[in-house]
There are 2 protein chains.
Amino acid sequence: MNELAAAGGDVVDGVLAALADPTRRQVLDRLSDRGQATATTLADGLPISRQAIVKHLAVLDTAGLVAATKVGREVRYAVRPDALDMTARWMAALAAEWDRRLARIKRLAEAAEAAERDSR
Amino acid sequence: MNELAAAGGDVVDGVLAALADPTRRQVLDRLSDRGQATATTLADGLPISRQAIVKHLAVLDTAGLVAATKVGREVRYAVRPDALDMTARWMAALAAEWDRRLARIKRLAEAAEAAERDSR
DNA sequence: GCTATGTGCAACTCTGTAGTTGCACACCCA
DNA sequence: TGGGTGTGCAACTACAGAGTTGCACATAGC
C-alpha cells in the first residue's frame, strides 16, 4: 500500500474531484477574488443558473474548499485554503516520490548495463 | 483575469481531470511502483479489463503524466513527474494566493470595524 | 400585512465517460 | 510456417453528474 495515498486520502480525493470541473474552478476563482459571495451573486456573471452554482458550492463545501455562513436570509460562501494546501503538499510529495523511484530505476539499469558490458 | 489560471492552464487542466479518477490514481501508483509496465500487466491485479486500463493510460498520456515506449510488440508505460510537479506548484501558489486575499479582507474588515467604533 | 427577493427541494433531460465484449492485426518463438 | 500472446479498433451498455425548470418557503423592507 502507498503511504502517500493513505495520508489524508479522503481530503485529497474530494479536492481533486472538486477541482476537476472547470466551472468549479471558475467559481472558486471568483469567490477568492471577492472574499465572500452568495450563490445568486456568483450566478450573475456566469452562463449557468443559480441552482447549478448551488450544486457546485455543495461539492466544494464537502471537499472543504469552501465555507458557508448564513446571514439573515442569504448564505455567504468564502474560500478555505486548508484543504487545497494539504492537497498541494500531497501532490508535491507524490511528484518527489516518483522522482526518487525513477532515479533508483535509472541507477539499477545503468548497473545492469555495466555488468553486461563487463561480462562480454 | 487570474494570472495563476493562465500559467500552464492546459497542463493543470489535464492533470486535474486525470487525477480525479481513483482508478487512474491506482494505475499511476502501480506504475510508479514497478517503474515500467504494460497495460496487460497492469490489468492483472486490477478488477477491470485491459481495455479499460488502455483507455486510462491514454488519458494519463494526454495529461503528460505517463510516457509510452514501444518495445517489440508490447507497449511499456512509465510515470513522468514533470506535469504532476507543475500542477503541485500551481496548486501551492493558488493556496498562497487565497491566504493572501483572506488576510487582506480580514485587515479591511478590522479597519472598517475600527472606523465604525470611532464614529460612534 | 404585503410584496420583493434569496434559498431550498425535487424531478427531469442530456451528455460524457468508465467499462465491457468481440474481433482483427502484429509480433515473438518453436 | 503456424500457434500463442499482446495491442488496437469499434460498437455497445450503463451510470454519474452538470444543468435546467418549477414551485414552495423564508425573510427583508415598505
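Each reported figure results from applying straightforward, stated rules to the coordinates on display, with no laboratory input. Computed from a prediction, not measured in an experiment: that's the story for all the values here. Here the Cβ is made from the backbone with ideal geometry for all residues, glycine too, and neighbour counts use every protein chain on show.
Listed by position, the helices (runs of 4 or more DSSP H) contained in the range B:7-102 that have at least 3 residues being of a type in the set (Val, Ile, Thr) are B:9-19, B:50-62. Out of A:16, A:28, A:94, one residue alone is at the interface with chain B (Cβ under 9 Å from one of its Cβ atoms), more than 16 Å from DNA strand D (Cβ to nearest atom) and not charged (D, E, K, R). It is A:94.
Considered as a group, the residues in the range B:31-52 that are surrounded by 18 or more Cβ atoms within 10 Å (Cβ to Cβ) and within 14 Å of chain A (Cβ to nearest Cβ) include one that is farthest from DNA strand C (Cβ to nearest atom), and that residue is B:32.
Can you give me the number of residues within the range A:40-73 that are without any contact (Cβ under 8 Å) to a residue 12 or more places away in the chain, more than 12 Å from DNA strand D (Cβ to nearest atom) and small (Gly, Ala, Ser)? Residues that pass the stated criteria total 1.
Contact map, the range A:20-39: first residue more than 28 Å from residue B:21 (Cβ to Cβ), second residue within 14 Å of DNA strand C (Cβ to nearest atom) and among the acidic types (Asp, Glu), Cβ cut-off under 8 Å, separation 6 or more or different chains; pairs are A:38/A:74.
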